[in-house]
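> This structure is in structure tokens; I'll ask about it shortly.
Please treat every number below as a calculation from the coordinates, not as lab data. A quick note: this is a predicted structure, and the numbers were derived from the prediction, not measured. All Cβ positions, glycine included, derive from the backbone under ideal geometry; neighbour counts span all protein chains shown.
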Amino acid sequence: MFDLITIIYLGISAFSDFRRKQIWWPMAVLFMILSISLHFVMKDMQLWDMLAGIGLGLVLLVLSWVTREALGYGDGLTVAACGASLGFIMELRILFLAVIFAAVWSGILLVFRKAGRKDSFPFVPFLLAAQICIAVLDC
């Protein structure tokens with residue numbers, strides 16, 4: 001259930017990230033609160049697992065601040081929201097796979113000279129692709 005809900009949330013966020021290059025932060029916070037509430041009601045995830053998943057996103061928020069948004073604040077907030085929904089280990093898997101997808105994509109763009117080393121691109125679509133891959137194919 002949480003896989004599907006997360007895919008829907010990431011789909012909406014990916015569309016926003018791709019079109020406007022920004023994440024609507026109230027939706028991320030609302031999704032995080034909804035996920036935590038559902039986990040408390042369903043009693044299907046440990047509190048430490050949710051907090052560690054959120055913590056992973058908070059680490060990315062700090063990295064965003066340190067790197068002056070080389071990785072955007074919205075990306076860190078999105079990872080935190082997904083961490084609340086999926087837990088630490090699953091979110092770590094998704095993040096790892098998304099980074100691989102993004103690296104391959106940026107390599108392709110560089111080889112075909114469609115982008116330079118300093119160009120940026122939205123990251124949330126890669127989180128969506130990784131979530132779908134893990135949920136459907138169990139990568």
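> Could you give the distance between the Cα centres of the range 84-139 and the range 14-76, to the whole Å?
If you average the Cα positions of each part, the centres end up 16 Å apart.
> Please report the relative contact order for the range 2-137, taking Cα pairs under 8 Å with a sequence separation of at least 6, and give it as a percent rounded to a whole number.
It comes to 32 percent, rounded to a whole number.
> Moving on. Calculate how steeply helix 2-20 sits against the longest principal axis of the alpha-carbon atoms of the chain, using the helix alpha-carbon long axis, and give the answer as 0 to 90 degrees to the nearest 10.
Long axis of 2-20 versus the principal axis of the chain: about 30 degrees.
> As I understand it, the value is the acute angle between the Cα axis of helix 47-66 and the longest principal axis of the Cα atoms of the chain; what does it come to in degrees, rounded to 10?
Tilt of helix 47-66: around 30 degrees.
> In nm, to one decimal, how far is the TRP25 label point from the PHE121 one, both placed 7 Å along Cα→Cβ?
A separation of 2.7 nm, rounded to one decimal place.
> Would you please calculate the Kirkwood hydrodynamic radius of the chain over all C-alpha pairs and express it in Å, rounded to one decimal?
The Cα-based Kirkwood calculation yields 15.1 Å.
> Compute the distance in nm between two label points, each set 7 Å from the Cα along the Cα-to-Cβ direction, one at TRP105 and one at TRP65.
2.7
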